[in-house]
Amino acid sequence: MAHNSCGSETHPCQTRLVPREILVVDAFAYGRFRGNPAGVVPLEPGDQPDAAWMQDIAAEMRHSETAYLEPRADGSFGLRWFTPAVEVDLCGHATLASAHVLYETGRLAPDAEAVFHTRGGVLSARREADGAVRLDFPAAPPEPCDVPAGLLDALGIAKSESLRTDGQFFMLVVPDAAIVRNLDPDFRELGALTNVRGVYVTAASNDGEFDIVSRCFAPKVGIDEDPVTGSMHCVLGPYWCERLGKDELRALQASARGGAMRVRIAGDRAWLTGHSVTSLRGELLI
């Protein structure tokens with residue numbers, strides 16, 4: 001009886017070895033071992049692995065997201081993102097990492113626009129002269145709302161302004177950057193909240209280098225804390241640009257690894273610009 005490459009007859013992976021390239025890229029990094037690591041799997045034309053295999057690889061990688069790039073005949077790319085637990089509709093850092101891979105490996109010319117077809121719509125990226133990549137994402141201004149029951153207790157926050165984004169994500173604005181930096185959430189309690197998929201906690205920065213500081217927690221989707229979150233800044237950008245009277249923000253995500261980006265709101269679009277570093281190249285054999 002034939003066995004597949006995982007040693008299990010019922011496992012969803014393929015029945016023969018199909019080596020595929022995989023890279024790990026630190027996105028929105030401003031130094032060594034900074035930024036948010038993302039797995040990036042560049043597929044070959046016509047290579048369409050099933051979702052179960054992609055989810056298994058993402059669970060194995062254990063990064064906040066693993067991205068899968070599918071080249072298309074018109075020069076654009078299909079792009080899908082998986083956390084260790086679920087497929088998601090929008091991911092900034094793994095898109096930045098994917099664009100970085102396309103430019104670094106010569107799959108795209110340095111002056112070419114990267115166009116991605118995703119569950120979150122058509123997204124694009126361009127490489128800038130200093131090697132940074134600028135993402136063009138939809139802006140998502142938040143709306144004021146009541147704080148969900150139990151959320152402040154799970155985060156250890158006494159008081160905050162509360163706003164809501166799409167998909168049961170909430171944005172909490174606290175009065176001091178030190179509150180953001182010192183947060184120590186109860187992830188079990190946070191993940192048990194039935195109406196909260198994730199939460200952004202943010203404040204104006206007071207260090208003279210950055211305009212805003214933030215952190216992102218989403219244990220319900222398999223990410224206790226996301227090191228750097230591009231999509232979060234599609235929400236923070238409209239709020240803070242208006243509140244601070246700025247056209248462009250210097251944003252710090254104050255996770256343990258830390259990450260930084262520039263955020264500009266252009267109409268209904270959010271331009272997120274940051275640097276990336278490839279930290280690993282390998283080959284998948286399953």
- Query: How much of the accessible area of the range 87-161, probe 1.4 Å, is carbon plus sulfur, in whole percent?
  - Reply: 48 percent
- Item | Å² per residue, accessible surface of the chain at 1.4 Å | 45 Å²
- Task: Convert each backbone phi in the range 25-33 into a coupling constant with the Karplus relation 6.51 cos²θ - 1.76 cosθ + 1.60 (shift: θ = phi - 60°), then list the ³J(HN,Hα) values in order as whole Hz, x for Gly and Pro.
- Result: 10, 8, 9, 6, 8, 10, x, 5, 6
- Looking only at GluC sites (Glu not before Pro) in DSSP loops with at most 10 other Cβ atoms within 10 Å, what is the longest site-free stretch of the chain? 10-208
- For helix 230-244, what angle does its Cα long axis make with the longest principal axis of the chain, in degrees from 0 to 90 and rounded to 10? 20 degrees
- Query: Of A260, L272, F77, which is farthest along the charge dipole of the chain in the positive direction, counting Lys and Arg as +1 and Asp and Glu as -1 at C-beta?
  - Reply: A260
- Note on the structure: By the C-alpha gyration tensor axes a ≥ b ≥ c (rounded if a/c is under 1.5, else prolate when a/b exceeds b/c, else oblate), the shape of the range 105-260 is prolate
- Any idea of S162's accessible area? Nearest 10 Å², probe 1.4 Å. 10 Å²
- Listed residues V18, V201, V147; largest mean-square fluctuation, Gaussian network over the chain with Cα springs below 10 Å, found at V18
- For the range 189-286, just say rounded, prolate or oblate: build the C-alpha gyration tensor, square-root its eigenvalues into a ≥ b ≥ c, call rounded for a/c under 1.5, and beyond that prolate if a/b exceeds b/c, oblate if not. oblate
- Just P19, P141, P110 to compare: in a GNM of the chain, with alpha carbon springs under 10 Å, which one fluctuates most? P19
- Item | Accessible-area value, L43, 1.4 Å probe, nucleic acids and ligands omitted, Å² | 20 Å²
- Message: Let me check against my output: what whole-number percent is the relative contact order of the chain, with C-alpha pairs under 8 Å and at least 6 apart?
- Response: 22 percent
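The values are calculated or read from the model by the stated rules, or taken from the named source; none is laboratory data. Just so it is clear, the structure is predicted and the values come from calculations on it, not from any experiment. Cβ: placed from backbone, ideal geometry, glycine included. Neighbour counts: every protein chain shown. Just the protein is used for accessible areas: all its heavy atoms, side chains included, with ligands, DNA and RNA removed. Shrake-Rupley method; radii C 1.70, N 1.55, O 1.52, S 1.80 Å.
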